[in-house]
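The block underneath contains the structure these notes are about, expressed in structure tokens.
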2 protein chains.
Amino acid sequence: MGKIRRVNSAPLGFFDSGVGGLTVVRAVQDLLPRENILYLGDTARLPYGSKSPESIRRFAQEDAKFLVGRGVKAIVVACNTATAHALPMLRENFDLPVIGVIEAGVESALSDPAAGRVGIIATRGTVRSHAYQHALALKRTGLIIHAQPAPLLVPIVEEDWIDHPAAELILKTYLEPLIEKDIDTLMLACTHYPLLVPVLRRLLPDGIRLVDSATTCAEHLKQELLRLDMLNDQEREGTLEIHLTDLSEEFETLARRFLSKSSGRIQRAVLA
Amino acid sequence: MGKIRRVNSAPLGFFDSGVGGLTVVRAVQDLLPRENILYLGDTARLPYGSKSPESIRRFAQEDAKFLVGRGVKAIVVACNTATAHALPMLRENFDLPVIGVIEAGVESALSDPAAGRVGIIATRGTVRSHAYQHALALKRTGLIIHAQPAPLLVPIVEEDWIDHPAAELILKTYLEPLIEKDIDTLMLACTHYPLLVPVLRRLLPDGIRLVDSATTCAEHLKQELLRLDMLNDQEREGTLEIHLTDLSEEFETLARRFLSKSSGRIQRAVLA
């Protein structure tokens with residue numbers, strides 16, 4: 001069966017366990033301002049990072065089904081944990097392009113031929129999936145890879161405690177083993193972490209390159225849409241529609257922070 | 001319609017968003033060692049503390065239904081957020097005793113006639129529900145009440161970072177406004193917090209009384225079962241059966257920490 005031809009003006013579908021994936025949306029809006037975007041955040045069941053692979057796959061399947069049911073032309077899995085566990089399954093189950101955050105990050109990390117000692121910070125679920133470690137190892141032999149679970153960073157970002165002295169102490173504890181291992185590249189393998197870049201730059205020795213999932217995923221998506229001739233060529237700026245499985249004031253506040261602007265009206269989603 | 005007479009050897013049903021409610025189970029096992037216990041942790045959708053009242057009520061209804069379907073003689077809502085939002089609804093929908101963690105804590109806090117300035121630390125959801133503030137105000141007029149959301153404490157406890165210097169900094173930030181207001185009583189309004197008691201004692205000025213949900217709920221439950229003539233009079237020690245909606249190694253490790261002993265075999269629960 002051939003691929004169904006989709007309308008280029010159809011929205012790009014994004015999903016994440018919560019609103020962290022909006023850092024990816026923000027990067028895509030910067031790079032592809034004409035694209036319409038439909039975003040689903042599964043805030044009722046967040047976080048995914050600490051849950052089992054079976055549950056994460058079930059959640060991802062339901063999230064993708066919601067987006068496909070609304071006619072998206074491609075799916076961006078804007079969640080590292082879901083990409084790590086569910087990407088092959090989603091590609092098998094849905095007949096449209098499915099783009100994750102991992103391949104793009106790995107390509108970008110290795111775009112520097114000197115990269116040889118790669119550190120990764122991520123949720124426990126992402127680290128344990130070995131998805132980044134595996135993708136890196138497949139692309140370049142002889143890499144030294146160190147993955148560090150950093151489970152307290154998501155709550156620190158969500159509480160907006162990035163400038164609290166506790167955040168620095170927590171980050172130092174996570175970074176110390178990576179610095180000791182003399183990494184030259186640090187991958188921020190969670191969509192919440194781009195907000196930590198300023199404090200990371202301050203705490204890391206000079207010369208360590210930071211690679212974040214959000215901007216690398218946006219670049220990868222642009223290349224894919226170009227290749228498949230699926231870019232939206234409308235004149236006007238694209239729209240953004242946000243659906244969350246649980247609505248609350250905190251999620252709306254967080255959404256605005258991750259987008260760096262107003263999020264518009266947020267709707268409640270009911271998954272089948 | 002009269003209450004259905006239930007068998008005293010039937011299990012007590014407990015539910016919580018995760019495994020934190022096992023601190024209540026542990027206190028009940030100490031006080032009522034002959035009771036059989038059926039525990040449901042909704043680990044697939046935890047935490048409840050940051051989610052909306054509507055979602056919390058829906059989750060609580062499904063959790064209680066699971067327990068009632070397995071023949072429990074009473075329900076203990078071993079979760080402050082669910083007690084705060086769903087207790088009246090559960091009492092209306094189910095024809096058996098439903099006991100929450102709030103009444104018991106409030107009674108215990110006010111058992112000291114000198115208690116006049118009460119501090120509360122809890123998740124954002126519990127603070128925002130005003131359930132503790134309301135229950136306190138109903139029981140004693142003229143109380144000064146200060147509720148402090150402390151959302152980073154659950155991840156700190158779950159990561160076992162209680163002795164990390166960051167934990168002390170975070171706690172100090174949360175406690176400072178309460179100490180400034182000269183509280184005489186501090187209510188630990190989250191089932192995770194009993195594990196923080198040693199560090200709290202160190203950081204708080206002498207003379208502030210700590211009231212935790214777990215032990216006060218166990219005492220309240222015992223009184224209720226006595227009053228209703230529903231205590232289990234079997235000779236042997238009661239059993240404990242744990243069901244989680246998401247299984248993972250971390251949840252099992254945490255369960256053991258909250259129980260201070262082996263948790264036995266943990267089963268996966270599917271909610272209707």
- prompt: For A:E241 and B:E62, what does the FRET efficiency come to when R0 = 35 Å and r is the distance between their Cβ atoms, rounded to the nearest 0.05?
  reply: 0.75
statement: The lysines whose Cα lies under 19 Å from the Cα of B:K73, excluding any fewer than 8 residues away in the same chain, are B:K3, B:K65, B:K222
query: Given R₀ = 35 Å, FRET efficiency for B:D163-B:A137 by Cβ-Cβ distance, to 0.05?
result: 0.45
message: Suppose we flag GluC sites (Glu not before Pro) only when DSSP calls them loop and at most 14 other Cβ atoms lie within 10 Å. Which is the longest uninterrupted stretch of chain A?
response: A:1-234
Computed label-point distance, nm, for sites B:N8 and B:R227 using a 7 Å Cα→Cβ extension: 1.8 nm
query: Placing a label point 7 Å from Cα toward Cβ, how far apart in nm is B:R201 from its equivalents in the other copies, listed shortest first to one decimal?
result: 4.7
task: Could you pull out which residues in region A:58-82 have an amide N less than 15 Å from a spot 7 Å beyond the Cα of A:R91, following the Cα-Cβ vector?
output: A:75-77
message: Explain nothing, just the number: relative contact order of region B:103-213, from Cα pairs under 8 Å at least 6 residues apart, as a whole percent.
response: 35 percent
query: What is the Cα radius of gyration of region B:103-213 over 2.2 N^0.38 Å, N being its residue count?
result: 1.00
message: Using Cα-Cα distances under 8 Å and only pairs 6 or more residues apart, what relative contact order does chain A have, in percent?
response: 28 percent
- prompt: Hey, what did region B:166-272 get for relative contact order, percent, Cα under 8 Å, at least 6 apart?
  reply: 21 percent
task: Round to the nearest 0.05 the FRET efficiency obtained for A:V199 and B:A114 when R0 = 41 Å and r is the Cβ-Cβ distance.
output: 0.35
- prompt: A:I162 label points, 7 Å along Cα→Cβ, one per copy: pairwise distances from this copy to the rest in nm, shortest first?
  reply: 3.2
- line: Per-residue ellipticity at 222 nm attributable to helices in chain B (runs of n ≥ 4 DSSP H, -39500 (n - 2.57) apiece, nearest 500 deg cm²/dmol) works out to -13000 deg cm²/dmol
- line: Sorted shortest first, the nm distances from the B:D182 label point (7 Å along Cα→Cβ) to its counterparts in the other copies are 6.0
Prolate/oblate/rounded label for the protein assembly as shown (Cα gyration tensor, a/c 1.5): prolate
query: Relative to the longest principal axis of chain A, what angle (0 to 90°, nearest 10) does the C-alpha long axis of helix A:22-31 take?
result: 70 degrees
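No lab work stands behind these numbers, since they all come straight from the coordinates. Since this is a predicted model, take the numbers as computed values, not measurements. For neighbour counting, all protein chains shown are included, and Cβ atoms are generated from backbone atoms with ideal geometry for every residue, glycine included.
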